[in-house]
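Here's the structure we're looking at; comments come further down.
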Amino acid sequence: MNIIQNIFNDHYEEIKYILHPRKSVMENIDKMLGCGDPSFGGAMYGCEKCGELKFVPFRCHSRFCPTCGNHYSMERTTNMSFKLIQCQHRHCVFTIPEELRHFFLEDRNLLNLLFLSVRDVVLRMFAKINKAELFTPGFICVLHTFGRDLKWNPHVHVLLSEGGAGNLTTWRHVRHFSYPFLRHSFRTVLLNHMEASIGPLFKSTKSEIYRQCDDGFYVYAKPNKCSPFHVAKYIGRYLGRPPIAKSRIDRYDGDSVTFHYNRHEDDSLVYETIPAMEFIGRLIRHIPEKHFKMIRYYGLYAKHHKQSPLLFRAIRKEKHKILRSFNEWRTSIRLCFGYDPLKCPHCGAEMSLLEVYYKKVPLLSRYRKLMDSS
């Protein structure tokens, strides 16, 4: 077990009966604790030359698992890069003030409003360029709910093309983004969506936010010269893994956890020691609900636009199969750790699959799982 699994395993009963977590949280915790357990099944490989056997247990495929989540993040980043148009993209971040964050924690359905607000603001900004053309950009929105200190801080990262396709014009480059428009529009649209969802009780909070945020909500949209693939990799690296990497956990003594992070304001190294249950609480609040989409595609990346066939993609379709192969289990281990997991340690021959073992599940449980998925 890794250190995160040890923390959750030691306090499993307390998590279940004291924290009373959501159903999706317990599902992800159970999957993570069983990741790599041979009792849950696996594949048996054997060497035809010397008879050496190797058992490879199944993984949990949970986004909360440090191992499986990393693989999920790699796959999602690769799929994101396949959609990108061959043009400069800008990395934008839409944030909300601290006074609004608790609304999204108490009612997670409100997280959808962040996506809707960003979509409305970006599409309106491009449509204003020419009302006859109604230029449409391509942009990908990714929701992050945590900061470096693991506290609840929902914000949206956007990978936005610096240009758009119009009704008549195939493509027009857009270099200038109006920061005042982004800040004020995002504030107005989000507060209006929240008032419509929460009701009249939100009016007083809305008025107070307008008074406190005269310049709108902070939006980061500075130009960047790095390639779209590197930006997609940066945005997607937290999609499918816990909010904290195992390497950032410095000490665990059974009761408290010490971890470190670089403070965002001045990039100084900060060490923090908190009780284990508080540490667990900070982590599990960021587990999304089942089937909740953390990535949303909009504009040219969401639907078939009549100008789409005329636009060049950053990665040609012929390369998709090759790039996807880099995320396969065997290839990933080769690239990351420098050895072939299916190479016989004695004779060096390639091991072949002999048999696959599955965990025995009662027929009634299989039927219920099938019905739930349908």
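What is the magnitude of the charge dipole of the stretch 1-140 about its Cα centre, with +1 placed on the Cβ of each Lys and Arg, -1 on the Cβ of each Asp and Glu, and no other charges, expressed in debye to the nearest 20? All intermediate terms of the calculation are to be shown ahead of the outcome.
Values: 17 positive and 15 negative charges, 146 e Å.
The dipole of the stretch 1-140 has a size of about 700 debye.
Distance in nm between label sites at residue 272 and residue 95, each 7 Å beyond Cα in the beta-carbon direction?
1.5 nm
Counting only GluC sites (Glu not before Pro) that are in a DSSP loop and have at most 14 other C-beta atoms within 10 Å, tell me the longest site-free stretch of the chain.
Details: sites that count: 48, 265, 289, 328.
With GluC sites (Glu not before Pro) excluded where exposed in loops, the chain gives 49-264 as its longest stretch.
Under a Cβ-Cβ cut-off of 13 Å, what is the net charge of the residues other than residue 296 that fall near it, where Lys and Arg count +1 and Asp and Glu count -1?
Working: positive: 76, 83, 119, 293, 303; negative: 120.
Spelling it out: positives minus negatives among the neighbours equals +4.
Under the 0.36 nm per residue contour assumption, what length would be gained going from the current alpha-carbon distance of residue 332 and residue 86 to full extension?
Values: separation 246, 0.36 × 246 = 88.56 nm, distance 2.69 nm.
The span from residue 332 to residue 86 would gain 85.9 nm if fully extended.
Please build a GNM for the chain, connecting alpha carbons under 10 Å apart, and tell me which residue among 309, 66, 180 fluctuates the most.
Maximum fluctuation in the GNM of the chain, among the listed residues, is at 309.
Helix 203-212 versus the longest principal axis of the chain: what is the Cα-based angle in degrees, 0 to 90, to the nearest 10?
80 degrees
Please name which of 25, 40, 6 has its Cα lying farthest along the dipole of the stretch 1-44 towards the positive end, using unit charges on Cβ (Lys, Arg +1; Asp, Glu -1) and the Cα centre as origin.
25
Using r as the Cβ-Cβ distance of residue 44 and residue 149, and R0 as 56 Å, what FRET efficiency do you calculate, to the nearest 0.05? Don't skip to the end; give the middle numbers.
Working: r = 44 Å, r/R0 = 0.79.
Here the calculated transfer efficiency is 0.80.
Quick check: pseudo-label points 7 Å beyond the Cα along Cα→Cβ at residue 208 and residue 247, how many nm apart are they?
Here the modelled spin labels are 4.2 nm apart.
Using the beta-carbon distance between residue 321 and residue 295 and R0 = 22 Å, what value does 1/(1 + (r/R0)^6) give for FRET efficiency, to the nearest 0.05?
Values: r = 22 Å, r/R0 = 0.99.
It comes out at approximately 0.50.
I want to verify a result. In a Gaussian network model of the chain, Cα cutoff 10 Å, which of these has the top mean-square fluctuation: 254, 281, 34?
So, out of 254, 281, 34, the one fluctuating most is 254.
What are the residues whose amide H is under 5 Å from the amide H of residue 313, where those residues sit 5 or more places off or on another chain and H is modelled from the backbone?
86
Need one word for the stretch 1-148: rounded, prolate or oblate. Basis is the Cα gyration tensor (sqrt eigenvalues a ≥ b ≥ c); a/c below 1.5 gives rounded, then a/b vs b/c decides.
Working: a/c = 3.85, a/b = 1.57, b/c = 2.46.
The shape class here is oblate.
Quick check: from the Cα gyration tensor, does the stretch 1-86 come out rounded (a/c under 1.5), prolate or oblate?
Numbers: a/c = 3.06, a/b = 1.13, b/c = 2.71.
Oblate, since a/c reaches 1.5 and b/c is not below a/b.
So what's the Cα pair-distance distribution over the chain, bin width 10 Å, in %?
The distribution over the chain is 4, 19, 26, 26, 16, 7, 2, 0, given as percents.
For helix 179-198, what angle does its Cα long axis make with the longest principal axis of the chain, in degrees from 0 to 90 and rounded to 10?
70 degrees
In a GNM of the chain with a 10 Å cut-off on Cα contacts, which of 321, 306, 83 has the highest mean-square fluctuation?
Fluctuation is largest for 321.
Residues with beta-carbon under 12 Å from that of residue 347, excluding residue 347: net charge, scoring Lys, Arg +1 and Asp, Glu -1?
Once all neighbours under 12 Å are counted, the net charge is -1.
With the cut-off at 1.5 for a/c, could you classify the stretch 62-159 from its C-alpha gyration tensor as rounded, prolate or oblate? The partial results should precede the final answer.
Numbers: a/c = 2.60, a/b = 1.27, b/c = 2.04.
Oblate, since a/c reaches 1.5 and b/c is not below a/b.
Roughly what angle does helix 23-33 make with the longest principal axis of the chain, taking Cα atoms, 0 to 90 degrees, to the nearest 10?
40 degrees
Under the rule of -39500 (n - 2.57) per DSSP H run of 4 or more residues, summed and divided by the residues of the chain, what mean residue ellipticity at 222 nm is obtained, to the nearest 500 deg cm²/dmol?
Numbers: 12 runs with 137 residues, N = 374.
Counting only the DSSP helices, I get -11000 deg cm²/dmol.
For the stretch 304-349, what is the Kirkwood hydrodynamic radius in Å, using each pair of distinct C-alpha atoms? Write down the numbers at each step before the final one.
Numbers: mean 1/r = 0.0736 Å⁻¹.
Here the Kirkwood hydrodynamic radius works out to 13.6 Å.
Going 7 Å from the Cα of residue 220 along its beta-carbon direction, which residues of the stretch 92-126 have the amide nitrogen within less than 16 Å of the resulting point?
92-98
Rounded to whole Hz and in sequence order, give me ³J(HN,Hα) for the stretch 2-11 from the Karplus expression 6.51 cos²θ - 1.76 cosθ + 1.60, θ = phi - 60°, writing x for Gly and Pro.
For the stretch 2-11, the Karplus curve yields 7, 5, 5, 5, 4, 4, 6, 5, 5, 10 Hz.
Throughout, read-outs are computed from the coordinates displayed, never taken from laboratory work. The structure displayed is predicted, hence computed values, not measured ones. A quick note on method: Cβ atoms are made from the backbone with ideal geometry, for glycine too, and the neighbour counts reach across all protein chains shown.
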